[in-house]
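The structure appears below as structure tokens.
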Amino acid sequence: MKTKKWDAIEHARKFLKLPEQVTRIEILEAYRRCCRDLHPDKNPGIDTSEEMAQLNMAYRTLIDYVDTYKIELCPNEMGMSDDEWWFHRFGQDPIWVGDHREE
């Protein structure tokens, strides 16, 4: 059963003509492409304000989703060692208790 949030994400993705798996950069590129298509200079005499409002809402929905579920993958960005990052992310691995590095 889909929730309203997932329906909004699906609608936004289809509105921007994006595939199911998409990056933040691809969302931004699709948003800019649609903005160019709906711009008043390109459409003289046509009111595109409603479409622009829908476009902005679709963009914000997808960007909020991407930002909410962003996972830090690079341990060095936060100044942690690989071991510290792993422990911070996943906790102690029950198999590897103690330091088992080869010297």
(request) Name every residue in region 56-80 that is aromatic (Phe, Trp, Tyr) and at pLDDT 80 or above, in order of residue number. (result) Tyr59, Tyr65
(request) Kindly indicate the residue of region 28-55 that is among the small types (Gly, Ala, Ser) and part of a helix (DSSP H, G or I) and also modelled with the lowest pLDDT among those meeting that condition. (result) Ser49
(request) Confirm whether Ile25 is exposed (fewer than 11 other Cβ atoms within 10 Å of the Cβ) and part of a helix (DSSP H, G or I). (result) yes
(message) Under 7 Å between Cβ atoms, which residue pairs at least 6 apart in sequence (or on different chains) link something in region 33-58 that is acidic (Asp, Glu) with a partner that is surrounded by 11 or more Cβ atoms within 10 Å (Cβ to Cβ) and in a helix (DSSP H, G or I)?
(response) Glu51/Leu38
(request) Tally the residues that are basic (Lys, Arg), assigned to a loop (DSSP other than H, G, I, E, B) and modelled with pLDDT of 85 or more, restricting the search to region 1-22. (result) 1
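The values are calculated or read from the model by the stated rules, or taken from the named source; none is laboratory data. What you see is a predicted model, and the numbers here were worked out from it, not measured in a lab. Virtual Cβ from ideal backbone geometry, glycine too; neighbours counted across all protein chains shown.
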